[in-house]
Every structure is written in C-alpha cells, then in structure tokens.
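Right, one structure below, let's go through it.
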Amino acid sequence: MLTDLPESQMRSIRGDRIAMIFQEPMTSLNPVMTVGSQLAEAIRAHETVSRRDARARALEALRAVRLSQPERRMGQYPHELSGGMRQRVMIAMALALRPEVLIADEPTTALDVTVQREVLDLLRDLQRETGTAIILITHDMGVVAEMADRVIVMRHGTMVEEAPAAQLFAAPQAQYTRDLLAAVPRMGNGATRGPVTTDPVARLSDVVVRFPLKGGVLGRTTHQVHAVEGVSFDIRRGETFALVGESGCGKSTIAKAMVGLVPHQGRIEVAGQPLVGLGGVGLKALRRRVQMVFQDPMAALDPRMTVGDQIAEPLLIHGIGTTPDRRARAADLMARVGLTADQLDRYPHEFSGGQRQRICIARALALQPDLIIADESVSALDVSVQAKVLDLLRALQQEFGIAFLFISHDMAVVENISDRVGVMYLGQIVELGTRRQVFGNPQHPYTRRLIEAVPVPDPSHQRASHARLSGEVPSPVHPVGGGPARLPLADIGDGHLVAAAG
C-alpha cells in the first residue's frame with residue numbers, strides 16, 4: 001500500500017512512477033528558475049545523469065508537448081509564458097520520466113477553449129505513445145465525456161457512482177450524478193428572451209489600449225504591446241453582452257479600461273458620461289454605476305473583514321445611509337443571493353467557493369449599479385454551483401434591470417446566458433451579433449474554431465470522432481536506471497483514463 005510507505009520511498013515514486021499536473025501552473029512552477037532548469041532538476045532528482053544530458057532530455061520533453069520554440073523556452077521564466085504554454089511545461093515535466101500514472105487535477109479549467117482543446121489532444125496523443133494511465137480530476141463533464149474510459153463521481157469525499165463513461169452518461173444511477181448532468185450547460189439550450197431595450201448603458205468607440213515595454217540602460221520604451229485595437233460596441237440596459245476569445249485577446253483589458261483602471265485612447269461612455277478627463281471625484285461617481293465580479297472570490301474578498309462589513313463597505317465609501325441602514329442593506333442583499341443575515345459576521349474562509357462568489361455579487365449590488373462586469377466569474381466553479389450562480393444572475397437582472405458584461409472562455413455558458421456576443425481575437429472584435437447569429441451562423445473562421453473546440457458532454461458523440469485508447473496502446477516505457485523495486489500501483493490499466501468528477 002502506498003499509504004504505508006515511508007517518506008523516503010514515496011519521494012522516489014513521486015515523479016518517477018506517479019506524476020501530477022496541477023490546475024494552476026503558475027503556482028506550481030518556481031518563479032525564480034528558468035523552465036529548462038526546472039525540467040532538468042526533476043530529471044536529475046530521479047536519475048543519475050549529467051547536467052548536459054538532463055537538459056537534452058528536458059528539451060526533448062518540451063518538443064514532445066509541441067511547445068513552440070523549445071530552445072528559447074528553456075531559458076525563459078514562467079511569467080514570460082502564456083497560461084497554455086505553462087501548462088505544456090507542466091505536462092512535459094510530468095511526462096519526462098515516463099510515469100505509469102499521471103494525475104491531472106483540473107488541468108484545463110483556467111484555459112480558454114482552444115488551448116483546452118490543444119492540451120486535451122496532447123494528453124491523448126502522449127497517452128497513446130507512452131501507455132501512461134491518466135487520472136483526470138475535473139468538474140467539466142464535456143471533458144469527462146470526451147476523455148474518459150471510466151468515471152468515478154464523488155461527493156463530500158465519498159464515491160457515489162462508478163461506471164464506464166458511455167454507461168454513466170446514458171443511464172446515471174445516483175441522484176447526484178443525474179443532478180450534475182442536468183446542470184451541464186449545453187450548446188443550443190440558450191433561452192430566447194424578448195427584445196432588449198436599445199437604450200445603451202455603456203458605449204465604446206474605437207478604444208485602443210497599449211502598454212509600453214521598456215528596455216536598455218536608460219529604461220526607454222522600446223516597443224508597445226497592442227492589447228486592444230479599435231474596439232467598438234455598446235451594452236444595452238437590461239441585457240447580457242458577452243465577450244469571448246482566447247487568453248490574452250484583450251477581454252479583461254477592456255473591462256479594466258471601462259472602470260478607469262488602465263489608460264485608453266478612443267471614447268468610453270457609461271450612462272452618457274465619458275471617462276476621459278474624469279478626476280478622482282468623477283471616477284468615484286462613475287464606479288458607483290459600474291461594479292465588477294472577479295474570477296477568484298477568495299482573492300477579491302478581504303480575509304480580515306467580515307462579509308457583512310465588505311458588502312456594506314461600498315455604501316460607506318459613498319456616504320450612503322447610517323451604520324444600521326448599511327447593516328440592514330447588507331442583510332437584505334445576503335438574502336437576495338441565497339444566504340442568510342446570521343452569516344454577516346462570518347469571514348470569507350468560512351464559506352464555500354460558490355457562497356463566496358454570491359457574496360461578491362451581493363457587494364456588487366450594494367450601490368444598485370447600471371452595469372456589472374463579470375470577468376470569468378463562474379469558470380472556477382463546479383457545474384452545479386455554476387448553474388446556481390447563473391440562475392442568480394438572471395434573476396437579479398430581471399429584478400433590477402442590470403446590464404451585464406459577461407467575460408468568459410466557456411462557450412456553452414455564454415451561449416446559455418448571453419443576448420449578444422462579441423468575439424475577440426488579437427485585441428480586435430472579429431464578429432459581433434446576437435447569440436443566435438453568432439452561434440447559429442458564425443461568419444468568422446475564428447468564431448467557428450471556438451465553437452468547434454467546445455467539448456460535448458456526450459460520449460457517443462466523442463467516440464464517433466475519436467478512437468478510444470483501450471486496447472490500442474503499448475505498455476509503458478520506463479527509463480533505464482536504478483531505483484527501488486517496482487511496487488504494485490492502483491488498479492488502472494495501461495493507457496486507461498479514469499475521470500473523477502464532482
């Protein structure tokens with residue numbers, strides 16, 4: 001049993017026989033070591049090889065995961081790579097020693113749909129080549145349907161169901177499994193709403209955002225990053241306008257420009273008020289009309305303040321009401337987002353991730369804004385919690401007439417919640433239209449690529465388009481070298497992929 005082994009033996013097994021890919025590669029990689037040094041270090045920790053041979057192996061691993069310009073990446077630091085590149089580095093590190101079992105813990109959750117597609121294809125190809133068994137931990141049932149041979153559904157630390165993927169999706173036995181599958185957003189399920197008013201709450205005209213890059217001895221600007229180039233759209237009162245596109249395309253930069261957090265050229269108006277030229281007082285008044293809900297609620301909340309104080313803080317900043325009035329308003333908002341007034345004196349760490357996101361939504365509602373910018377606000381939530389938060393946003397929109405700028409890389413969620421959609425690519429909007437126009441008849445090749453990359457939560461669909469790996473893969477190949485005697489691992493077949501969902 002692995003749990004009975006001393007730490008010295010477990011250290012030799014980790015990385016060599018069992019490797020792991022974590023959800024957030026930036027926190028898993030050492031920020032002060034180059035990519036090449038980290039890969040070589042992992043190899044030399046388990047094998048007696050020279051530094052030169054270890055670096056050669058590291059370079060070979062980067063080539064195996066099809067990372068662009070691998071020689072250059074060897075000398076770069078993690079912060080110089082995109083999220084997809086960093087995840088490829090983590091996969092290369094995990095597979096450098098040809099482990100028997102690879103544990104992939106939410107490896108694509110933070111990635112946009114096109115990079116997700118590339119990472120999943122890469123895992124499938126490497127599995128076919130090496131015979132490594134994969135344990136895939138995810139809350140994305142589309143990824144489960146596409147990748148898994150067998151599925152284990154977990155809840156509260158307990159396995160509630162285990163079955164082959166096709167059987168589980170076709171005839172789930174446990175009620176929790178049925179609830180999970182029912183909560184999965186599916187393409188084509190977007191509800192048709194009545195006409196939205198044409199009254200704009202925000203308008204962008206030829207917005208440009210560029211960031212200078214400095215270099216040289218004098219620190220002069222050498223060139224500029226063109227983050228946003230000539231973007232124009234409006235957001236109408238009471239509608240949900242979605243911005244979609246891959247990481248780095250400029251979605252979040254636009255959101256920051258709309259609340260005055262980054263300088264911009266062009267014209268941005270909120271409730272008829274242009275941002276350009278606004279001073280501190282003007283920006284403060286503007287931010288009363290526009291609020292943001294961020295992706296990570298734990299990072300957005302102050303761990304030292306009670307949630308009641310944090311919900312009431314916008315009212316305090318703007319001088320609204322007395323202390324009892326603000327407390328009563330916070331209690332009312334907690335009730336509106338499905339929490340209770342007796343939770344006001346608790347701290348953020350005492351809530352679940354979904355509850356913390358509800359608290360962030362309550363805080364955003366405190367000033368009764370015209371527009372809420374939701375920047376990847378549901379991407380880190382499991383499907384059941386995600387469905388509840390989306391239902392909450394729809395209900396609040398109907399009640400208060402709020403407009404949403406919904407930024408996401410999850411095309412299925414966007415198709416279910418949006419009224420109009422803007423597709424961004426390399427800082428520009430390449431397609432703009434109603435939800436039905438963009439998803440039903442996409443005009444731009446990039447839009448079609450995004451839609452085609454969406455995992456479908458239906459194993460029969462995936463099995464028709466991808467050959468399954470069972471019985472078609474070679475036995476795992478292990479590097480030549482010394483080490484402890486091989487110990488029996490879990491009951492996972494060579495080349496098999498077991499998904500854990502919940």
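The values are calculated or read from the model by the stated rules, or taken from the named source; none is laboratory data. Computed from a predicted structure; not experimentally measured. Every residue, glycine among them, receives a Cβ derived from its backbone with ideal geometry; neighbour counts consider all protein chains shown. Quick note on the areas: whole protein, heavy atoms, side chains included, nothing else; ligands and nucleic acids left out. Shrake-Rupley method; radii C 1.70, N 1.55, O 1.52, S 1.80 Å.
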Checklist entry - What are the residues in the stretch 112-131 that are in a loop (DSSP other than H, G, I, E, B) and out of contact with any Gly (no Cβ under 6 Å at 6 or more places or on another chain), if any? => result 112
Checklist outcome for this item: By my count, helices (runs of 4 or more DSSP H) wholly in the stretch 210-314 with at least 2 residues that are over 30 Å from residue 430 (Cβ atoms) and not β-branched (Val, Ile, Thr) are 280-289, 297-300
Next on the checklist: Looking only at residues that are among the charged types (D, E, K, R) and in contact with a strand residue (DSSP E or B) (Cβ under 9 Å, 6 or more places away or on another chain) in the stretch 132-154, which one is most open to solvent (accessible area, probe 1.4 Å)?
Outcome noted: 150
Checklist entry - Of the residues 459, 442, which single one is of a type outside the set (A, V, I, L, M, F, W, C), out of contact with any strand residue (DSSP E or B) (no Cβ under 6 Å at 6 or more places or on another chain) and under 21 Å from residue 231 (Cα atoms)? => result 442
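Evaluate the following for residue 423: is it more than 25 Å from residue 286 (Cα to Cα) and in contact with a strand residue (DSSP E or B) (Cβ under 6 Å, 6 or more places away or on another chain)?
Spelling it out, residue 423 is indeed more than 25 Å from residue 286 (Cα to Cα) and in contact with a strand residue (DSSP E or B) (Cβ under 6 Å, 6 or more places away or on another chain).
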Item to check | residue 104 vs. criteria among the small types (Gly, Ala, Ser) and in a helix (DSSP H, G or I) | outcome: no
Checklist entry - How about the stretch 396-436: which strands (runs of 3 or more DSSP E) wholly inside it have at least 2 residues that are open to solvent by less than 10 Å² (accessible area, probe 1.4 Å), at pLDDT 90 or above and over 24 Å from residue 358 (Cβ atoms)? => result 420-425
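Is the stretch 484-502 home to any residue that is farther than 30 Å from residue 8 by Cα and either open to solvent by less than 30 Å² (accessible area, probe 1.4 Å) or modelled with pLDDT of 90 or more (or both)?
Looking for residues that are farther than 30 Å from residue 8 by Cα and either open to solvent by less than 30 Å² (accessible area, probe 1.4 Å) or modelled with pLDDT of 90 or more (or both), one finds at least one in the stretch 484-502, hence yes.
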Checklist outcome for this item: When every residue in the stretch 231-272 that is acidic (Asp, Glu) and open to solvent by 10 Å² or more (accessible area, probe 1.4 Å) is compared, the one farthest from the chain's Cα centre (by Cα) is 269
Next on the checklist: What's the total number of residues in the stretch 7-31 that are modelled with pLDDT of 80 or more and either closer than 18 Å to residue 74 by Cα or crowded, with 16+ Cβ neighbours inside 10 Å (or both)?
Outcome noted: 10
Checklist entry - Restricting the stretch 32-85 to residues that are farther than 23 Å from residue 125 by Cβ, open to solvent by 50 Å² or more (accessible area, probe 1.4 Å) and among the hydroxyl-bearing types (Ser, Thr, Tyr), which is modelled with the lowest pLDDT? => result 48
Checklist entry - Looking at (1) open to solvent by 40 Å² or more (accessible area, probe 1.4 Å); (2) more than 23 Å from the chain's Cα centre (by Cα); (3) at pLDDT below 80; (4) not acidic (Asp, Glu), which is the only condition residue 159 fails? => result (3)
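Can you confirm whether residue 293 is aliphatic (A, V, I, L, M) and either open to solvent by less than 50 Å² (accessible area, probe 1.4 Å) or more than 24 Å from the chain's Cα centre (by Cα) (or both)?
Against the criterion (aliphatic (A, V, I, L, M) and either open to solvent by less than 50 Å² (accessible area, probe 1.4 Å) or more than 24 Å from the chain's Cα centre (by Cα) (or both)), residue 293 qualifies.
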Item to check | Checking residue 458 against (1) surrounded by fewer than 20 Cβ atoms within 10 Å (Cβ to Cβ); (2) under 22 Å from the mean Cα position of the chain (by Cα); (3) modelled with pLDDT of 85 or more, the condition it does not meet | outcome: (3)
Checklist outcome for this item: Selection from the stretch 351-375 of residues crowded, with 19+ Cβ neighbours inside 10 Å, assigned to a loop (DSSP other than H, G, I, E, B) and of a type outside the set (Phe, Trp, Tyr) yields 366, 369, 370
Checklist outcome for this item: Counted residues in the stretch 18-40 being closer than 21 Å to residue 56 by Cα and not aliphatic (A, V, I, L, M) come to 5
Checklist entry - Just one of 144, 113, 119 is of a type in the set (Val, Ile, Thr) and over 14 Å from the mean Cα position of the chain (by Cα); which is it? => result 144
